[in-house]
Amino acid sequence: MTAFFQNLGMSYGAAWFTSTIAGILLIALPVMLAVAMIIYADRKIWAAMALRKGPNVVGPFGLLQSFADGLKVFLQETIIPSAANRGLFLIAPIITFTVALMAWAVIPFQAEVVLSNINVGLLYILAISSLGVYGVVIAGWASNSKYPFFSAMRASAQMISYEVSIGFVLISVVLWAGSFNLTTIVESQKGYYGFLNGNGFNPLLFPMAVVFLISSMAETARAPFDLTEAESELVAGYQTEYSSMAFALYWLGEYANVILMCALNAILFWGGYLPPLDIDLIPWFDIPGIIWLFGKILVFFFIFSWVKATVPRYRYDQLMRLGWKVFLPLSLGWVVLVSGFLMFTRYGGAA
């Protein structure tokens, strides 16, 4: 894209800056539109599983319901509790929303179609996902209210518990691909059994795909791991004192994170922008990689919504036990297993 703007007569610096801004907008704006539509899809899936209609009044088939809700919160008054820390109270939702969008900078939508194709893309994703909890913790502290404070403590413990197991899962993927670059990881998933694309078809990595899927639900605080919100226990958790656009930023950030985790499930284990079958289904028409990635994201989002609509919330001790006593030793043992397998097959055994 930089070369395109240079051809228009811009200097390299101006062309690079313009192309970077254009790339950010080309990612951020569709993601925001996708968040609005994914909220609608979420409510429709819940309604269908409860034998209800869901949103069906605003716009055709209720498609404009999310935009009506967004307009409603935009027009509401922002109320800040008198005992709250005003600065931290306002900056917390901004952190959550901003961090949720920053991670998309390294997501490969297609071969060579990525805003920043850095060699440590997976480490960048891990670092960014770890920062998201700060918005929740700061909100809980700044609200100066006991329920948001309990939620903040839960969020920090939950993030630590599942971030560790996610890290070991990612190590298994990195060992197999030999790179932290997300595009390289996607390309390394070609040709399982000669015609399948995706680490999920590898018997050695499939258990880690399951662990990562469950851990990504816990990382995004989706049911049955929504202990940070837990309406029956904590009113609305860290969002209890929030209203208007501050509440909407949490809302948008949460769903942007959910879509991101769905994309990571697709990229790390199910071929990302690659077709599931490594064959030309339609010889005269090549389906763009972004369509395959978008379809896989929708499949994983349906799984996220399905679980939220059907599985009851965990108790907090069950949440901690699953993270520390099941996923941590399992993922750590799998790192040893994968590295040992690669040592004796790919690298010819011990030196």
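The values are calculated or read from the model by the stated rules, or taken from the named source; none is laboratory data. In this text the structure is predicted, and so the values were computed from the model without any measurement. Using ideal geometry, Cβ is built from the backbone for each residue, glycine included, and neighbour counts are taken over all protein chains shown. Keep in mind that these areas ignore ligands, DNA and RNA; they rest on the heavy atoms of the full protein, side chains included. Shrake-Rupley method; radii C 1.70, N 1.55, O 1.52, S 1.80 Å.
Within the range 268-294, residues that are within 24 Å of Val174 (Cβ to Cβ) sit with their Cβ atoms under 8 Å from residues that are at pLDDT below 85 and assigned to a loop (DSSP other than H, G, I, E, B), at 6+ positions apart or across chains, in these pairs: Tyr273/Ala111; Pro275/Leu281; Pro275/Ile287; Asp278/Gly191; Asp278/Gly194; Asp278/Phe195; Gly289/Ala111.
Could you tell me whether any residue of the range 184-192 is within 15 Å of the chain's Cα centre (by Cα) and touching a residue at least 40 places away in the same chain (Cβ under 8 Å)? Taking every residue of the range 184-192 in turn, none turns out to be within 15 Å of the chain's Cα centre (by Cα) and touching a residue at least 40 places away in the same chain (Cβ under 8 Å). Within 14 Å of the chain's Cα centre (by Cα), closer than 30 Å to Met245 by Cα and surrounded by fewer than 21 Cβ atoms within 10 Å (Cβ to Cβ), is that true of Leu126? Criteria met by Leu126. Under the condition of being under 30 Å from Asn265 (Cα atoms) and either of a type outside the set (Val, Ile, Thr) or under 18 Å from the mean Cα position of the chain (by Cα) (or both), the residues counted in the range 65-117 number 30. The residues listed here are Ile39, Ile79; of these, the one that is touching an Asp or Glu at 6+ places or on another chain (Cβ under 9 Å) and surrounded by 15 or more Cβ atoms within 10 Å (Cβ to Cβ) is Ile39. Identify the residue in the range 329-351 that is open to solvent by 50 Å² or more (accessible area, probe 1.4 Å) and of a type in the set (Gly, Ala, Ser) and, among all such residues, is modelled with the lowest pLDDT. Checking each candidate, the answer is Ala351. Remark: pairs (first residue in the range 57-83, within 24 Å of Asn144 (Cα to Cα); second residue among the basic types (Lys, Arg) and part of a helix (DSSP H, G or I); Cβ separation under 9 Å; 6+ apart in sequence or on different chains) = Ile80/Arg86.
Applying the set (1) modelled with pLDDT under 85; (2) assigned to a helix (DSSP H, G or I) to Leu29 leaves exactly one unmet item: (1). The set of residues in the range 286-307 that are in a helix (DSSP H, G or I) and either in contact with a Ser or Thr (Cβ under 9 Å, 6 or more places away or on another chain) or open to solvent by 60 Å² or more (accessible area, probe 1.4 Å) (or both) comprises Ile290, Ile291, Trp292, Phe294, Leu298, Val299, Phe300, Phe302, Phe304, Trp306.
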